[in-house]
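Structure first, then comments.
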Amino acid sequence: MSFLSGFKKGLNRAGTTIMQRTGAVDRTTDSEFEEEFERFKSLEKKSDKLTKQAKGYIDSLRGMTAAQLRMSQTIGQFYDDTIIMGPGGQEYKKVIEKLDEDAKTDMDKAFRTTVLEPLARFCSYFPQVNDAVKRRQKKLLDYDSHRSKVRKLVDKPSEDPQRLPRAEQEANMAREMYENLNTILIEDLPKFVELRVAYCDPIFEALVKSQLRFCQNSYEELEGLRHHFPPESEHADRRVDDVLQQMRELSICGNF
């Protein structure tokens, strides 16, 4: 198709759209297609949202482990070998460093491979389907335009007896091209929507397993620090209150 021919078709379709809005040209509707296309667009919206949220999750997780690392480095400066909790503070720093490294390597890589990349591949098909829908819309406009020309020739016959048969032939060809593409979409759109289950189930499973693995690993590593804390740690609030009271009794904390 030459540029001029394509440009002319584009103008004709734009004109048909305007005339349909004003009621000068009838608009062909297909409720079955509209219903299936609405389901498809709903799936597209949800899939795009899930992809963004999944990426936000792994980015937030990396931000959280990085914040933990910075906090552990600062806490490590409070503890040295001269105090009872010194070894605990240093070991805490090592544990957090390990968790951060695991998040950057194992967790991040596994999550991107089993969750983000499959979601991205799934979403990559939506533009292709939308392109097919756009082609259908163009063929529909062509058909409605030819149908309108036939109706006008029937209402007001031309002096050329060949114009009506020629217009009818062009309308039939336009209808056939539209209906072929419309049929394909009506048949394939629901199939595409249904395939989401078989495709997304493994992604959901991988998402849960990756979260579980990270949480279990974090729990086990941090649980190993328990022996550094006094047995009466359940009374930690009372011990903190006792220390705060001692601080308030200091002269420098009083009113001058």
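Annotations for the structure displayed:
- Across segment 26-70, counting alpha-carbon atoms alone, Rg and Dmax equal 19.7, 67 Å.
- Shown for segment 45-125 is the translational diffusion coefficient from the Stokes-Einstein equation, using the Kirkwood radius over Cα pairs, a temperature of 10 °C and a viscosity of 1.306 mPa s: 109 µm²/s.
- Nearby lysines by direct alpha-carbon distance to residue 149 (threshold 19 angstrom, same-chain neighbours under 8 apart not counted): 8, 9, 138, 139
- In summary, the lysines within cross-link reach of residue 41, defined as a Cα separation below 17 angstrom excluding same-chain residues under 8 places away, comprise 49, 52, 134, 191.
- Annotation: per residue accessible area for segment 46-89 equals 66 Å², rounded to a whole number [probe 1.4 Å, protein chains only].
- Anisotropy class of segment 108-206 from Cα gyration tensor, a/c 1.5 cut: prolate
- Under Karplus coefficients 6.51, -1.76 and 1.60, residue-wise ³J(HN,Hα) of segment 122-133 in Hz, glycine/proline x: 4, 5, 5, 7, 4, x, 5, 5, 4, 5, 5, 5
- For a straight C-alpha distance cut-off of 13 angstrom, the aspartates and glutamates reachable from residue 55 (same-chain residues fewer than eight places away being disregarded) are 108, 117.
The values are calculated or read from the model by the stated rules, or taken from the named source; none is laboratory data. The shown structure was predicted, so the numbers you read here are calculated from the model rather than taken from an experiment. Accessible surface is based on the protein model in full, side chains and every heavy atom, while ligands, DNA and RNA are left aside. Shrake-Rupley method; radii C 1.70, N 1.55, O 1.52, S 1.80 Å.
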